[in-house]
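Working notes, beginning with the structure itself.
The values are calculated or read from the model by the stated rules, or taken from the named source; none is laboratory data. Just so it is clear, the model here is predicted, and its values are computed rather than measured. Here the Cβ positions follow ideal geometry from the backbone for every residue, glycine too, while neighbour counts run over all protein chains shown.
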Amino acid sequence: MKIFLSRKYDNYILFFSLISVLFLLPFLNAMPLLRFALVGQYTFVMFYLVFSARHTRSLYIIDIAFVIPTLLATWLDSIYQNNYTFVASYATMMIFFLYLQFLIIRQMVHANKIDMNTLFGAMNIYLVAGLIWAYVFLLLNHFDPTAFHMPDYETLNKEVELFTYYSFTTITTLGYGDIVAQSAQARMLSVLEAVFGQLYLAIVIAKLVSISGKVDHLLPPSSETKK
């Protein structure tokens, strides 16, 4: 349990938790009971955030302030599934992941060496950003059903899966074109996500290279260099 909660492994655990969320999404319609597994996975991520060994007492209070409303709204939506719980669930989820994004970025900024946990942290920022944008598009489409043009063969009860797919094809600038942003808000938000995706890769790579250079500079010279 001590190893499991160690900060040394937090980005590993978060990465595989997020991957499992993405893996479960396509199967929700075929197996409705998986919705509870998905919510359970979200719950795990949130509780891991609170109980991982990285926080001061004040941060525990802040964590709980983000986690409790999100968990409450998410579980209520998995049980009742109406418009109010839908909006509350994904709005609080979006806010929670923004907070999680802040924590990971802060950890990356203060990193003074590159290890596997740091690299997984960089990947987590990308994955969390894709999920945040997915919830933004999901809520936008909920309030404005004409914001996006959907393929004729898709049904509305697959919104979460579709907008997660749309978000990650946008952030990676793949742009398959099967889902099209129609409203001005949808188009501009899509542009912002694509720009974020490109700038993030450039900035993170620069940051990691910079840290790597500092580490190499601090290494003792090799025997060949001494000769």
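Residue pairs whose Cβ atoms lie under 8 Å apart, sitting 6 or more positions apart in sequence or on different chains, and linking a residue in the range 19-46 that is under 18 Å from Leu71 (Cβ atoms) and of a type in the set (Lys, Arg) to a partner that is at pLDDT below 85 and in a helix (DSSP H, G or I), are Arg35/Ser78. So is Ile64 of a type in the set (A, V, I, L, M), in a helix (DSSP H, G or I), closer than 23 Å to Tyr12 by Cα and without any contact (Cβ under 8 Å) to a residue 24 or more places away in the chain or not? Spelling it out, Ile64 is indeed of a type in the set (A, V, I, L, M), in a helix (DSSP H, G or I), closer than 23 Å to Tyr12 by Cα and without any contact (Cβ under 8 Å) to a residue 24 or more places away in the chain.
Of all the criteria given as (1) within 16 Å of Val204 (Cβ to Cβ); (2) polar (S, T, N, Q); (3) out of contact with any helix residue (DSSP H, G or I) (no Cβ under 7 Å at 6 or more places or on another chain), the one not satisfied by Thr146 is (1). Just give me the residues in the range 19-41 being within 14 Å of the chain's Cα centre (by Cα) and not aliphatic (A, V, I, L, M), in sequence order. Within the range 19-41, Ser20, Phe23, Gln41 meet the criteria. Among the candidates Ala202, Ala147, Ala134, Ala186, the residue that is loosely packed, with under 14 Cβ neighbours inside 10 Å and under 28 Å from Phe102 (Cβ atoms) is uniquely Ala202. The residue that is surrounded by the most Cβ atoms within 10 Å (Cβ to Cβ), among those in the range 4-32 that are at pLDDT below 85 and of a type in the set (Gly, Ala, Ser), is Ser6.
Among Leu162, Leu192, which is the only one that is at pLDDT 95 or above, of a type in the set (A, V, I, L, M) and part of a helix (DSSP H, G or I)? Don't jump to the end; show me each part of the working.
Details: Leu162 fails: at pLDDT 95 or above.
None of the others qualify; the one that does is Leu192.
Residues considered: Phe86, Phe96, Phe66. Of these, the only one that is farther than 25 Å from Thr170 by Cα, modelled with pLDDT of 85 or more and crowded, with 18+ Cβ neighbours inside 10 Å is Phe66. The set of residues from the range 142-198 being closer than 19 Å to Gly130 by Cβ and among the charged types (D, E, K, R) comprises Lys158, Glu159, Glu161, Asp178, Arg187, Glu193.
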